């Protein structure tokens, strides 16, 4: 296939590792593939980062990657779980960091950094009793609009975080209505 056809379809089957078990959606484009030092691959797409998970692979959406670093051949990914909602705010809790040693990083570190930071439309940290919380507005690949997320620092009182989430959601709602 020519480069023109490749651009037209966004990806070729050859772009994916032969043992890739994920199922890409129709508009999902492969942006980079990296080989893991201990075998296997990670695949960065327009919708998220596909990582080995048990006997298969699992996609982590760009909007739930809290932090990513690239240092010394290791990509460290901190994924967040959506733990609930308060009004229009999604509450997040970070998972432990996952360290992935890459033997052939290719463009993956730069793609991952660009996609994670590109999903963030605004962010600020609020100090709260016992810690604090990040309030982040992010775009979600494949969806219109912006999602409001609140991610507590470890040790922060969950009730205080929920109260903050409700306040910020109301402020965002007012701004959107032009009040």
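The values are calculated or read from the model by the stated rules, or taken from the named source; none is laboratory data. On a predicted model such as this, the values are computed, not experimentally measured, just so you know. Counting neighbours? That spans all protein chains shown, and the Cβs are built from the backbone with ideal geometry, glycine included.
Residues that are at pLDDT 95 or above and closer than 22 Å to residue 162 by Cβ: which strands (runs of 3 or more DSSP E) entirely in the stretch 61-130 hold 3 or more of them?
Of the strands (runs of 3 or more DSSP E) lying wholly inside the stretch 61-130, those with at least 3 residues that are at pLDDT 95 or above and closer than 22 Å to residue 162 by Cβ span 74-86, 89-94, 120-128.
With the requirement that a residue be farther than 13 Å from residue 60 by Cβ and free of Cβ contacts under 8 Å to residues at least 60 places away in the same chain, what does the stretch 86-96 give you?
Residues satisfying the conditions are 93, 96.
Taking the residues in the stretch 29-64 that are free of Cβ contacts under 8 Å to residues at least 60 places away in the same chain and farther than 22 Å from residue 103 by Cα as candidates, determine which candidate is nearest to the chain's Cα centre (by Cα).
Of everything passing the filter in the stretch 29-64, 64 is nearest to the chain's Cα centre (by Cα).
Select from the stretch 165-179 the residues that are in contact with a strand residue (DSSP E or B) (Cβ under 6 Å, 6 or more places away or on another chain) and either surrounded by 16 or more Cβ atoms within 10 Å (Cβ to Cβ) or more than 18 Å from residue 85 (Cα to Cα) (or both) and list them in ascending order.
Matches in the stretch 165-179: 165, 168, 169, 172.
Find the residue count for the stretch 111-131, including only residues that are over 14 Å from the mean Cα position of the chain (by Cα) and surrounded by 12 or more Cβ atoms within 10 Å (Cβ to Cβ).
6
Inspect all residues belonging to the stretch 132-150 and state whether any of them is crowded, with 17+ Cβ neighbours inside 10 Å, at pLDDT below 95, in contact with a strand residue (DSSP E or B) (Cβ under 6 Å, 6 or more places away or on another chain) and over 19 Å from residue 77 (Cα atoms).
Checked the stretch 132-150: at least one residue is crowded, with 17+ Cβ neighbours inside 10 Å, at pLDDT below 95, in contact with a strand residue (DSSP E or B) (Cβ under 6 Å, 6 or more places away or on another chain) and over 19 Å from residue 77 (Cα atoms).
So which residues in the stretch 154-164 are touching a residue at least 24 places away in the same chain (Cβ under 8 Å) and either surrounded by 13 or more Cβ atoms within 10 Å (Cβ to Cβ) or in contact with a helix residue (DSSP H, G or I) (Cβ under 8 Å, 6 or more places away or on another chain) (or both), if there are any at all?
156, 157, 160, 161, 162, 164
Kindly indicate which of 70, 62 is closer than 29 Å to residue 174 by Cα, surrounded by 13 or more Cβ atoms within 10 Å (Cβ to Cβ) and in contact with a helix residue (DSSP H, G or I) (Cβ under 8 Å, 6 or more places away or on another chain).
62
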